[in-house]
Amino acid sequence: MPLQGNLRDFSTTQLLNLINLAGKSGTLTFFEGKRTGEVENLGDQKRERIVAGQERAAMSFRSGKLIFAKMTGQDGSLISVLNKAGKLTDEQARIIRERAKNTTDKALALLLINANYVSQNDVVTCIQQHTLDVVYNLMAWNDNPFRLDEDVHPDGSRIQVPIDLENVIIEGARRIREIAELNQHLPNLDMALKFPDNPKEKFKGIHLSVEEWRVVSFVNPKNTIRQIAKANNMSETEIRRVVYGLEQAGLVEMVKPPGMEQAAAGDRRRRPPQKPQVQRVTVNRLIDKIRSI
Amino acid sequence: MQTVKMVITGPFSAGKTEFIRSISEIEVVSTEQNISTDAEKKEKEQTTVAMDFGRITVDDDLVLYLFGTPGQRRFDFMWEILAEGMLGFVVMVDSAKPETFREAKSILETFRAYAPTPYVVAANKQDHPDAWSADDLRIALRIEEGVKLLPCVAKDKESVKGVLLELLYSILEEMDAG
Ligand SMILES: Nc1nc2c(ncn2[C@@H]2O[C@H](COP(=O)(O)OP(=O)(O)OP(=O)(O)O)[C@@H](O)[C@H]2O)c(=O)[nH]1
Ligand SMILES: [Mg+2]
């Protein structure tokens, strides 16, 4: 049962969050969205049905960590990656490519390190950077079909550098520059923020930027996001970006500030919600009845 | 005679009517309307426009009513009316339709705001090959640890019974706590 859907409904950030929290392994593939001309019905909202076309990109995970990513049609081989990062000149890359045609990336890395072309650290950092570049690019996509196959793993010849997803999620969200998207997710700056129930666990091993720390230090159900922005001298977009990143990483949650609850209730002239007068024994009778059906 | 009620809510086509049908002792009084356009028909034939109404009689002086909300937003004026005085509610989610998860979460929040009653989330259509597991749904919908998220097949009476019982247990627990 692969998890599948469309980025229209479920963003890459949310997917990564899911994979991270559930500690999943497998390969997440993104496809070109093929329009069908058919109308799809979501209650009273209608939209065109989009189906999976050609593969566009893929990311692989092991136990909730990112280990590999590729864009279809992009050369992600070790030589290209080192070349792009300036660790190998074009000439060196060309020669090595010729000589090492049938060598796997792993074997090649050993050869290059032994021959003092590059250090082990170079290899690790370059591969990691390449993987992250792919992922960050992909995070701006918003209407591609996707599928997570938990039994598909990258082939063993590739060098896999496990990367913690928390930081990828925060950094990725930071890079989602589209203000429109941010506005859509966070339309109301009059909401407040609170920490999740187990903040210690969530914050463990996470690196926050200075900006993020400044926002985090004001998190309190009494402070609206707008007030936090003001206190920190941040623009609406800046605060949206930070709050969105923190929220997607599960570090803060949105709540209504106390004043707003009252205002909303007042607006609608709603009576305070009344608890039905039901006794334990009644509930127990219902339980017995349902058990016996 | 005492009557108590529970509300079954969730997005369009989540399986609310099916759920009530599986357990109600009376033919469900449904305000279903035939779906007009071909595109919508692909999905299913009928949709609920005002509410579904099911009944479970315990004895001469206790009756449980099950109200199913209409899934479509244009009927959401009915929601608050149905929520009035409910003992608890079930949020049904079509586990095979991630495009409806956001809506499900929003409905959940709306009902939570109506009344501070216990609720459970039913990960419905678990028999569907594309169904997301209950664990994955919990993360996707960001359901807090303390809230029950139950695998469900609304067509199966035993499964429906299980969901209602879990809700009743939560109601008991809340009474004990409060
Ligand atoms: N496979 C499967 N199909 C189900 C299940 N529950 C409901 N369905 C089907 O899903 C479709 C929608 O079910 P309904 O009960 O009409 O959904 P609803 O939530 O009442 O929909 P609205 O009233 O339109 O909001 C129907 O075709 C049902 O037969 C289930 O557990 N498994
Ligand atoms: Mg219905």
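Each value in this text was obtained by applying a stated rule to the coordinates, not by laboratory testing. Keep in mind that this is a model prediction, so the values were computed, not measured. Positions of Cβ are generated from backbone atoms using ideal geometry, with glycine treated the same way; all protein chains shown enter the neighbour counts.
Couple of notes before you dig in:
- Taking the longest Cα principal axis of chain A as reference, the axis of helix A:90-99 is set at about 70 degrees.
- 3J(HN,Hα) along the range B:143-150, derived from phi through the Karplus expression 6.51 cos²θ - 1.76 cosθ + 1.60 where θ = phi - 60°, amounts to 8, 4, 3, x, 9, 6, 10, 10 Hz, with x in place of Gly and Pro.
- Comparing Cα centroids, the range A:1-77 and the range B:82-110 end up 24 angstrom apart.
- Theoretical FRET efficiency, 1/(1+(r/R0)^6), r = Cβ-Cβ of A:E91 and A:R8, R0 56 Å, to 0.05: 0.80
- Cross-link reach list, aspartates and glutamates versus A:K106, counting only Cα pairs under 18 Å and skipping chain neighbours closer than eight places: A:D75, A:E98, A:D122, A:D155
- Take every Cα pair under 8 Å whose residues are at least 6 apart in sequence, average their separation, divide by the length of the range A:192-255, and the relative contact order is 53 percent.
- Candidates A:V168, A:P154, A:M59 compared by Cα position along the dipole of the range A:3-181: farthest toward the positive end lies A:P154, with charges placed on Cβ.
- Angstrom value of the Kirkwood radius, inverse mean 1/r, which spans all Cα pairs in the range A:192-255: 11.6
- Full extension of the chain between B:E80 and B:I26 gives 17.0 nm of extra length, using 0.36 nm per residue less the Cα-Cα distance.
- Sequence-separation-based contact order of chain A, relative, with Cα cut under 8 Å and 6+ spacing, percent: 21
- Partner lysines for A:K202 [C-alpha distance under 26 Å; skip if fewer than 8 residues away on the same chain]: A:K24, A:K65, A:K194, A:K222, A:K256, B:K105, B:K148
- For A:L193, the residues 5 or more places off, or on other chains, whose built amide H falls under 5 Å of its own are A:N220, A:N223, A:V255.
- Straight Cα distances below 18 angstrom link B:K157 to the lysines A:K289, B:K16, B:K125, with same-chain residues fewer than 8 positions distant left out.
- Mean Cα-pair separation over length for the range A:30-171, i.e. relative contact order, pairs under 8 Å, 6 or more apart, %: 31
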